[in-house]
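> Below is the structure I would like to discuss, written out as structure tokens.
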Amino acid sequence: MRRVTGLAARTISSSVAVHPRLAHTTAMMTTIPSWEPPSPRFGGLPTPSFAGGIAGIVFFSAAAASSLGQEVHAKEMSHKFNPKEVVLYQYEACPFCNKVKAFLDFNKIPYKIVEVNPLFKKEIKWSDYKKVPILTVDGEQLVDSSVIIDSLFQRMHPGISKSEDDEETIWRKWVDNHLVHILSPNIYRSTSEALESFDYITTHGIGNFSFTERLVAKYAGATAMYFVSKKLKKKYNITDERAALYDAAETWVDALNGRPFLGGSRPNLADLAVFGVLRPIRYLRSGKDMVDNTRIGEWFSRMENTVGEPSGIKE
């Protein structure tokens, strides 16, 4: 096991079974807010199968039961928490925005999506908070992805409290303080990958922007983020971005310890956080490489099936 010192060691030792790799990455964690744009000018756009035979039958039965449970859960939650209007202000490629979307999609909460122009941010000029995600619930503004998720979770489960040193919380922090830092150096690793990423962003995310705005966002954004990703790689001591991504994926699979999800038979908030930040890169070159070279593909497919179709509507 790799050596861990100080507070990180005490945190890891007090939690439930956590893989040694997490101890290593936790020791290097640096707390950050929900979205720290590496480039203010560009608004921070950085940013399967089980064994056969009886085992397969058992898994199929468990999956069916879990699916039924999800439907019942969704109905119960919609009865308890049924806001009239939920609006998410986002960047399509923002990992923190995608964390919030994964939570909303999993819980079948309908929401409107407002894509924020990364150059001018005119869509959020009404807010004193100049980063994304911003979520409004019946007019109430919520900011910071983890705070947003915690707030919504408490409204849906008022009798449940979370401990700071439980497994779920530790892995949520790992997502915010380690996993997200690996993404930009990977998706903007080369000029061709940077253009691929911004082609995806301008195709899927840039809402009612003009042709010129799309063009500028694609080429200027890709150029800027190519260089920013190099700075981030140096800042977080990443020598090989792909190796770091593969290691993070394997660390997560090890944490599952044979369970379908970290939450057991159903995803918990940590599953949703990992899935959320990885979902936008899944079909980019970096995401395809990750699935091809690690064991994360089976878990990711289970998450896709469990979370289901997005419940957001773009304005």
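> Where the centroid of each part is defined by its Cα atoms, how far is the range 236-300 from the range 110-128 in Å?
After rounding, the separation between the Cα centres reads 29 Å.
> At Asn237 and Asn293, where each label point lies 7 Å from the Cα along Cα→Cβ, what is the point-to-point distance in nanometres?
Distance between the two pseudo-spin positions: 2.2 nm.
> How far apart, in nm, are two points set 7 Å out from the Cα along the Cα-to-Cβ line at Lys112 and at Ile313?
That separation, rounded to one decimal, is 0.9 nm.
> Note down the Stokes-Einstein diffusion coefficient of the range 109-190 in µm²/s, whole number, using a Kirkwood radius over alpha carbon pairs, 37 °C, and 0.692 mPa s.
Estimated via Stokes-Einstein, D reaches 214 µm²/s.
> Could you give the length gained by full extension between Arg282 and Asp199, i.e. 0.36 nm per residue of separation minus their alpha carbon distance, to one decimal place?
Full extension of this stretch gives 28.4 nm more.
> Using per-residue counts of other Cβ atoms within 10 Å, averaged over each peptide, order 85-93, 257-265 from highest down.
Those peptides, ordered most packed to least, come out 85-93, 257-265.
Since every read-out is calculated from the coordinates, none of them should be taken as a lab result. These figures come from a predicted structure and were not determined experimentally. Note that each Cβ is placed from the backbone with ideal geometry, even for glycine, and that neighbours are counted across all protein chains shown.
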